[in-house]
1. Ratio to report: Rg/Rh of the stretch 57-205, with Cα atoms as the point set and Rh obtained by the Kirkwood method; give two decimals.
2. Using the Kirkwood formula on the Cα atoms of the chain, what hydrodynamic radius do you get, in angstrom to one decimal?
3. Can you put 106, 61 in order, fewest other beta carbons within 10 Å first?
4. 7 Å from Cα along Cα→Cβ at both residue 233 and residue 107: what's the point-to-point distance in nm?
5. Take every DSSP beta bridge whose two residues both sit in the chain, then give the antiparallel share in percent to the nearest 5.
6. Ranked highest first by average number of other Cβ atoms within 10 Å, how do 173-184, 64-75 line up?
7. Using alpha-carbon positions, what is the distance between the centroids of the stretch 208-231 and the stretch 233-287, in Å?
8. Just to be sure I understand the model, the point goes 7 Å from the Cα along the line to the Cβ. What's the resulting residue 197 to residue 129 distance in nm?
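None of the figures in this text is laboratory data; all of them are computed from the coordinates on show. Only a predicted model underlies this, so the values are computations on that prediction, with no experimental measurement involved. Cβ placement follows ideal geometry from the backbone for every residue including glycine, while neighbour counts extend to all protein chains displayed.
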């Protein structure tokens, strides 16, 4: 199969771009598919990145462009295409192409046609669940954040709100309480869903106030978050709460839909793959936010891209051997 790639990388966020660079340097025939005409993924929506080593305070858009520029300089191949489905190449087709292993190839169906590859690297990332309230989109990156560890330092000494009641929301509140003057933890129910140990920790903090049975109806501000409109779902009482930032922690949605019937995922949809990024299916790898992991940050996504290519090289070597 003259059009058979060594690897098709699906997604051009930090994990996909890192993998593109490593694949090119390794001499692999690789192509990176990106659904949008601009590389970078979620990092493009980050106003300022303060925790990427060596580049403190760099803008998210600028960092994303630097990743892409690196790939372009090396001559990495990119295609703008949305992936519709991924399937194994039929055994008959593999046999006709003189491949001994019936399961060593995949067809990637896109809105721009089909691609064939010996391996696949899924780097489609994940998206943060949104509140869907007025002001959220308009003020994203200007006080509205979905990552406390990424953006918390910008709110030192200020008053902020965390929305959610699970582990992530409570962990965010605890983390922010270390540097913020005041943290409101806003939860729509009358009890938290977080682990008991986290609940005890957050309840013991003097600068954290939990607003029970409360939802955010609006995020207000001109060029920066200034306040939020809230409502108590039991009393229906509404109020405007002055805050400098809103950290939304109501869930993350991995973009693993096209792989659900191919590889094993956990209950939330994250691909089950270890530090080597190898999934349950030989030849299919996962890197970045789509992978089940402890920490989802730019730096760990970039590391995943490098690890995944190393595993792909080992896989291809074993297949050829």
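1. When Rh is taken as the Kirkwood radius, the ratio is 1.15.
2. For the chain, the Kirkwood estimate is 21.1 Å.
3. Details: 106 22, 61 17.
With the fewest neighbours first, 106, 61 line up as 61, 106.
4. 4.6 nm
5. On the way: 27 of 60 bridges.
Restricted to the chain, the bridges split so that about 45 percent are antiparallel.
6. On the way: 173-184: 20.4, 64-75: 16.1.
Ranking, from highest mean packing down: 173-184, 64-75.
7. Using only Cα atoms to place each centre, the spacing works out to 24 Å.
8. If labels sit at residue 197 and residue 129, their model points lie 2.4 nm apart.
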